[in-house]
Amino acid sequence: MTGINTGPETTTGTAELCLQSIGNELIRTHDYFGPCDYNNYTDFYFAGNFNYSFQSHDPSGYNWSSTDLRLSAIENAAMTPFFRLGISFGNMQPITPMPKDADGVNFTKFAGICKRTAMHYNGGWDNGTSYGINYWEVWNEPNHAMMWTGTPSDYYLMFKQVVDSMNVYDPSLKVGGPAAAKNAFYSGGIHFTINQDYVSNFMSYCQNNNVPLDFYSYHMYDKKNPCHARILADTLTYYLNQYGFTNTELIVSEGNVDDASYTNSSKGCSYLASELISLVGSRLSKYIIYRGVNLAPLCSDDNGGPVLTLNGYAYKFFNEVNDSTPILLISQGNIFNSDNILDSLNNVMMLAGKNSANNVVKILVSHHESSNNAINITLNNLPWQASDQISITTEKVISTGYSVSSSTMTGGTTMSIPLSGVTDASVYLLTLRNTSMNSLSEEQKAKLNVYPNPTNESVYIQSELKNYSLTFSDLYGKVIYSGQNTDKLDVSNLSSGTYFISIHDRDSSAKFNRIVIVE
């Protein structure tokens, strides 16, 4: 699952449309600089001082209004909140004080706030909602000097008390951390150097004190080799396994490259695409870029239309492969370097998948920092006949922008597709669709009518077939609807374009395709 940090502004909703179009599903509630920060929606901390008379169970100590607006916007955008418990980066300049109790040791008031936050947004407490937020991250970057004034042991205790408090309310919630900053894994040179404070020492504390660790979150920045993401994920998996956390999820809750040449560029797109492809098959369950709309954006903000940046196509292409063709295929020929995390050196990565109907294959190729000027893609063991007609849609991102082209070729169990004129830092998404299906008889065809076509409201299926299944999909193979003996489809909310209806007569095993144009 892919995500971003902070949701878009909601003045027009155009950024939400853009984020939906690239398959973004998750929004981490960090760095709103006010909303979603505990010092904004509670009276526990104000104007540089802690209010130790604050009682976390008393609704009068809370003001949810600005945070409610943000969570509502996330829900209205049909996305899932990933709630960071704590404060935004640098929101208490020059440093962020630890939310300790008056005894200077414990964090029970803050732990109570965390529980009540979950109760407000999941259980309706204090005129709240029932959003069902599942992921709750304890603090942000406690190994950063601006975010934490105490010791690692202070954080361990706070984490335990927050987990205990949250589990009293709802033990099914996923609570994790530490959202470790990049210096937990790197101090210089061309290799990772693990600082054990927020890796093995933190995991050891959780193990020895029976603290559940539902997920381990961390941040990745500035390593120019996109495959550093897989190297670090595998390293952290090793440590988690050593301490018995074999089912703990890994989550990158912030990731990016702080370099202007990677912003809205084919270089940024190929870097992100290669990074995401490298993580396939790892323990990592979620990748959340920082930020998504403003800093190194994937999408434009709400001041204009729902425009993707070039970087946004990395999310869009990656999610299309996983959503529309979820049966991943074995890919060979990836080129990468694991000896130097700072430089990308030579990198070509590929991801391929097919749909369950075996009529659509998608191939994502990321060509990042490679000297190759041509790539030949060979597909073996395809379930297609030599006489089948295959339509090929090629989308690409190069330095001059995004473009799309189409072609056709005959099928077969083996196909070869050349990509010529390949430029450095480029990304390609190929969609292969088998348009030849087993035909219905001429008599059956005559009794099958799909109308009106074109249409912008509803399409009707008229047939004398008694036992058929129907699949309605877009040009790229994404299934929009599937059902049995369907006679009407509502297309009023679909974008204009070409769509496919596939009908399978289950009595004769015959199949028939119809093209539908939505205006």
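Is the stretch 236-259 home to any residue that is out of contact with any Phe, Trp or Tyr (no Cβ under 7 Å at 6 or more places or on another chain) and at pLDDT below 95?
Within the stretch 236-259, one or more residues are out of contact with any Phe, Trp or Tyr (no Cβ under 7 Å at 6 or more places or on another chain) and at pLDDT below 95.
Just to verify a result, which residue in the stretch 66-87, among those that are polar (S, T, N, Q) and touching a Pro at 6+ places or on another chain (Cβ under 9 Å), is surrounded by the most Cβ atoms within 10 Å (Cβ to Cβ)?
67
Can you name every residue in the stretch 214-242 that is in contact with a Ser or Thr (Cβ under 6 Å, 6 or more places away or on another chain) and of a type outside the set (A, V, I, L, M, F, W, C)?
Across the stretch 214-242, the qualifying residues are 216, 217, 224, 225, 226, 230, 239.
Name the residues in the stretch 233-255 that are surrounded by fewer than 18 Cβ atoms within 10 Å (Cβ to Cβ) and either on the phi < 0 side of the Ramachandran plot or not assigned by TED's automatic domain parsing to the domain that holds residue 275 (or both), would you?
Passing the criteria: 234, 235, 238, 239, 241, 242, 246, 247.
When the stretch 457-467 is examined, which residues are found to be of a type outside the set (A, V, I, L, M) and in contact with a Leu (Cβ under 9 Å, 6 or more places away or on another chain)?
458, 460, 462, 463, 464
Please indicate, with yes or no, whether at least one residue in the stretch 143-155 is part of a loop (DSSP other than H, G, I, E, B), of a type outside the set (S, T, N, Q), crowded, with 22+ Cβ neighbours inside 10 Å and out of contact with any strand residue (DSSP E or B) (no Cβ under 7 Å at 6 or more places or on another chain).
Yes, because at least one residue in the stretch 143-155 is part of a loop (DSSP other than H, G, I, E, B), of a type outside the set (S, T, N, Q), crowded, with 22+ Cβ neighbours inside 10 Å and out of contact with any strand residue (DSSP E or B) (no Cβ under 7 Å at 6 or more places or on another chain).
From the list 357, 386, 352, exactly one residue is more than 17 Å from residue 412 (Cα to Cα) and out of contact with any Cys (no Cβ under 9 Å at 6 or more places or on another chain). Which is it?
Within the list 357, 386, 352, the selection yields 352.
In this structure, does residue 354 turn out to be in contact with a strand residue (DSSP E or B) (Cβ under 9 Å, 6 or more places away or on another chain), free of Cβ contacts under 8 Å to residues at least 40 places away in the same chain, among the charged types (D, E, K, R) and surrounded by 17 or more Cβ atoms within 10 Å (Cβ to Cβ)?
Yes: the conditions hold for residue 354.
List the number of the failed condition for residue 470; all other conditions in (1) crowded, with 17+ Cβ neighbours inside 10 Å; (2) at pLDDT 90 or above; (3) assigned to a strand (DSSP E or B) hold.
Unmet for residue 470, out of (1) crowded, with 17+ Cβ neighbours inside 10 Å; (2) at pLDDT 90 or above; (3) assigned to a strand (DSSP E or B): (2).
So which residues in the stretch 72-103 are touching an Asp or Glu at 6+ places or on another chain (Cβ under 7 Å) and of a type in the set (Val, Ile, Thr)?
80, 87
Kindly indicate whether any position in the stretch 95-103 is in contact with a strand residue (DSSP E or B) (Cβ under 6 Å, 6 or more places away or on another chain) and within 21 Å of residue 64 (Cβ to Cβ).
no
For residue 358, which of the numbered conditions (1) within 27 Å of residue 229 (Cβ to Cβ); (2) in contact with a Leu (Cβ under 9 Å, 6 or more places away or on another chain); (3) in a loop (DSSP other than H, G, I, E, B) fails to hold?
(1)
Any idea which residue in the stretch 26-53 is nearest to residue 292 (Cα to Cα), counting only those that are of a type in the set (D, E, K, R) and surrounded by 21 or more Cβ atoms within 10 Å (Cβ to Cβ)?
28
Do you know which of the residues in the stretch 181-204 that are assigned to a loop (DSSP other than H, G, I, E, B) and at pLDDT 95 or above is nearest to residue 245 (Cα to Cα)?
If we take residues in the stretch 181-204 being assigned to a loop (DSSP other than H, G, I, E, B) and at pLDDT 95 or above, then 199 is nearest to residue 245 (Cα to Cα).
Which of the residues spanning the stretch 195-232 are surrounded by fewer than 21 Cβ atoms within 10 Å (Cβ to Cβ), among the hydroxyl-bearing types (Ser, Thr, Tyr) and within 20 Å of residue 258 (Cα to Cα)?
221
Pairs only if they're at least six apart or on different chains, beta carbon under 9 angstrom, first in the stretch 29-49 and free of Cβ contacts under 8 Å to residues at least 24 places away in the same chain, second assigned to a helix (DSSP H, G or I); list them, first residue then second.
Close Cβ pairs (under 9 Å, with a partner that is assigned to a helix (DSSP H, G or I)) amount to 43/60; 43/61; 46/39.
May I ask you to list the residues in the stretch 417-433 that are farther than 20 Å from residue 379 by Cα and either surrounded by fewer than 18 Cβ atoms within 10 Å (Cβ to Cβ) or among the charged types (D, E, K, R) (or both)?
Answer for the stretch 417-433, where residues must be farther than 20 Å from residue 379 by Cα and either surrounded by fewer than 18 Cβ atoms within 10 Å (Cβ to Cβ) or among the charged types (D, E, K, R) (or both): 421, 423, 424.
Take the residues in the stretch 116-136 that are over 26 Å from the mean Cα position of the chain (by Cα) and either assigned to a loop (DSSP other than H, G, I, E, B) or outside the structural domain of residue 285 (by TED's automatic domain parsing) (or both); name whichever of them is surrounded by the most Cβ atoms within 10 Å (Cβ to Cβ).
128
Kindly evaluate residue 264 against the criterion of being in contact with an Asp or Glu (Cβ under 9 Å, 6 or more places away or on another chain), surrounded by fewer than 22 Cβ atoms within 10 Å (Cβ to Cβ) and either within 30 Å of residue 374 (Cβ to Cβ) or small (Gly, Ala, Ser) (or both).
No: the conditions fail for residue 264.
Only residues that are surrounded by fewer than 24 Cβ atoms within 10 Å (Cβ to Cβ) and on the phi < 0 side of the Ramachandran plot: list them for the stretch 271-283, please.
Within the stretch 271-283, 279, 280, 282, 283 qualify.
The values are calculated or read from the model by the stated rules, or taken from the named source; none is laboratory data. Keep in mind that what you see is a predicted model, and the values were worked out from it rather than measured. In this analysis, Cβ positions are derived from the backbone assuming ideal geometry, glycine residues included, and neighbour counts consider all displayed protein chains.
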